[in-house]
Amino acid sequence: MSSVNDLFASAAAPHEPLAARMRPTSLDGYAGQQHLLGPGRPLRVALEQGALHSMIFWGPPGVGKTTLARLLATLADAHFVTISAVLAGVKEIRQAVDQARQHAAQSGRQTILFVDEVHRFNKAQQDAFLPYVEDGTLLFIGATTENPSFELNNALLSRARVYVLKALDDQALRLLLERALTDTERGLGQHRLGITDEARDILIHAADGDARRLLNLLEIAADLMADGGSIDVELVGDLLNDNRRRFDKGGEAFYDQMSALHKSVRGSNPDASLYWYARMLDGGCDPLYIARRAVRMASEDIGNADPRALTLCLNAWDVQERLGSPEGELAIAQAIVYLACAPKSNAVYKGYKMAMQDVASQPSLEPPLHLRNAPTKLMKELGYGQAYRYAHDEPEGYAAGEDYFPEELEPRRYYEPVNRGLELKIGQKLEYLRSLDAASGNKRRQDKA
């Protein structure tokens, strides 16, 4: 395994991608992440005090996680070993440990083990690091695009501090682009390329906070240009045939955006709801997935305050299945806007959860005899259906005072309508029926008492 100095020396090799060649060799050249590396910020203080520790870098692709790990190794004069969880296993971890012990014995230098895509290691593989992190054989740095809370073991998290890296802003991306165009040793400076302001803005927008993507696009553009030419809008447009911000369906960004859409609907903001819906589509999300989630929103957040919401969402789902894009996507947009503007109630959702909790915590209570059907003579003799009051034959179609819960369970109130939408009238109806119950002298439990 190469040392850190060897790694940086090879960064200028012409066969390497531009993004690899342009890795900074000092913190001063590192773009972005000032919330971690600015004066007085936590990681900067740790570096200045020589107090490096095991850590996890969590952030989107192309924001400098690998570069920062290498810089830390350089500043700490530590041996640097890197493995990728996509390709490596316990065998590679043991080899890294052996290297760390050899370097400690030969030079006294500490070893930093950098694990890219660490979330792809399973529990056993993650546990393999623990004894060597614990005894100081390795200083562990892991990089992940996924939420460490869900993807990494608690034992590993307890031994490493999590640092959140953010997508690069336009200013940082602009700086990287200019460096790449002017650097004659590692960049494209020898080609004497220019770029129009509009083309530069389009490239920065297309990078979407990802430095690697920006530099890859710039390198492709440079390969298509003659020396001394200028990259223009037409050339950049040819490169960006598909500029959607894609995400992994099982990844953090996907669920964060789905959560933002759901909460915008719940918060009755149709404009934000449309924005997050558009972001999901732009990221490559299957519209049918959003249609299914809209059905969930209709039941969870609107409920009986406006029962039409559920029907409209099912219709939109059907349109998407029948017609596809773009007609189906427009129907889903219509349903989402309706959900956002509809009166809100989670009364059914709350009542359902309460009922499920009661069922889970209670034994299997039998239905009372008067609620059971009696299709046979024996069942009638046993009292099945005896004294059942047929609601349609009662005044106002309601058997006032009747009890429908198991005899061992006191009557519950799970469903409490809110004072909005149709549930306002439903609540008034239930209050009226309860007043009839209170006035009735024929309550079954009272009779038994």
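The values are calculated or read from the model by the stated rules, or taken from the named source; none is laboratory data. From a predicted model like this one, the values you see are computed outputs, not experimental measurements. Neighbour counts are summed over all protein chains in view; Cβ atoms, including those assigned to glycine, are modelled from backbone coordinates with ideal geometry. Accessible surface areas use protein heavy atoms only, side chains included; no ligands, DNA or RNA. Shrake-Rupley method; radii C 1.70, N 1.55, O 1.52, S 1.80 Å.
Observations on the model:
- Test: residue in the range 337-358 that is free of Cβ contacts under 8 Å to residues at least 40 places away in the same chain, in contact with a helix residue (DSSP H, G or I) (Cβ under 9 Å, 6 or more places away or on another chain) and open to solvent by less than 100 Å² (accessible area, probe 1.4 Å): yes
- Checking Met297 against (1) more than 15 Å from Ala342 (Cα to Cα); (2) surrounded by 16 or more Cβ atoms within 10 Å (Cβ to Cβ), the condition it does not meet: (1)
- Gln126 modelled with pLDDT of 80 or more, over 27 Å from Asp28 (Cβ atoms) and crowded, with 17+ Cβ neighbours inside 10 Å: yes
- Look at the range 23-39: where a residue is over 18 Å from Ala76 (Cα atoms) and a partner is open to solvent by less than 20 Å² (accessible area, probe 1.4 Å), sitting 6+ places away or on another chain with Cβ atoms under 6 Å, you get Ala31/Ala172; Gly32/Leu168; Gly32/Ala172; Gln33/Leu165.
- Close pairs from the range 221-237: first in contact (Cβ under 8 Å) with a residue 12 or more places away in the chain, partner small (Gly, Ala, Ser) and open to solvent by less than 20 Å² (accessible area, probe 1.4 Å), Cβ under 6 Å, at least 6 apart: Ile231/Ala199; Ile231/Ala221; Asp232/Ala199; Val233/Ala199; Leu235/Ala221; Val236/Ala199
- Of the residues making up the range 153-169, those that are closer than 30 Å to Thr137 by Cβ and surrounded by 18 or more Cβ atoms within 10 Å (Cβ to Cβ) are Asn153, Leu156, Ala160, Tyr163, Leu165.
- Scanning the range 63-76 for residues that are of a type in the set (Gly, Ala, Ser) and either crowded, with 21+ Cβ neighbours inside 10 Å or within 23 Å of Asn154 (Cα to Cα) (or both) yields Gly64, Ala69, Ala73.
- Qualifying residue in the range 295-308 (condition: more than 17 Å from Ala331 (Cα to Cα) and touching an Asp or Glu at 6+ places or on another chain (Cβ under 6 Å)): yes
- The range 117-149, subset under 25 Å from the mean Cα position of the chain (by Cα), in a helix (DSSP H, G or I) and in contact (Cβ under 8 Å) with a residue 40 or more places away in the chain, residue farthest from Gly62 (Cα to Cα): Gln125
- Close pairs from the range 47-58: first closer than 26 Å to His119 by Cβ, partner part of a strand (DSSP E or B) and open to solvent by 50 Å² or more (accessible area, probe 1.4 Å), Cβ under 7 Å, at least 6 apart: His53/Arg161; Met55/Arg161; Ile56/Val162; Trp58/Val162; Trp58/Val164
- Of the criteria (1) among the polar types (S, T, N, Q); (2) assigned to a helix (DSSP H, G or I); (3) surrounded by fewer than 19 Cβ atoms within 10 Å (Cβ to Cβ), which one Ser325 fails: (2)
Conditions (1) open to solvent by less than 10 Å² (accessible area, probe 1.4 Å); (2) in contact with a Lys or Arg (Cβ under 8 Å, 6 or more places away or on another chain), marked per residue:
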site	(1), (2)
Ala78	yes, yes
Val90	no, no
Arg94	no, no
Val97	yes, no
Arg101	no, no
Leu113	yes, no
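Residues are listed down the side, and each one gets a yes or a no for (1) more than 25 Å from Cys313 (Cα to Cα); (2) open to solvent by 40 Å² or more (accessible area, probe 1.4 Å); (3) at pLDDT 80 or above; (4) part of a loop (DSSP other than H, G, I, E, B):
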site	(1), (2), (3), (4)
Leu217	yes, no, yes, no
Asp256	no, yes, yes, no
Trp276	no, yes, yes, no
Met280	no, no, yes, no
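- Residues that are at pLDDT 85 or above, within 20 Å of Val164 (Cβ to Cβ) and in a helix (DSSP H, G or I) were ranked within the range 9-36; the one that is least open to solvent (accessible area, probe 1.4 Å) is Leu36.
- Gly284, sole failed condition from (1) in contact with a Lys or Arg (Cβ under 7 Å, 6 or more places away or on another chain); (2) assigned to a helix (DSSP H, G or I): (2)
- Filtering Ala172, Ala180, Ala226 for residues that are part of a loop (DSSP other than H, G, I, E, B) and either open to solvent by 50 Å² or more (accessible area, probe 1.4 Å) or touching a Gly at 6+ places or on another chain (Cβ under 8 Å) (or both) leaves a single hit, Ala226.
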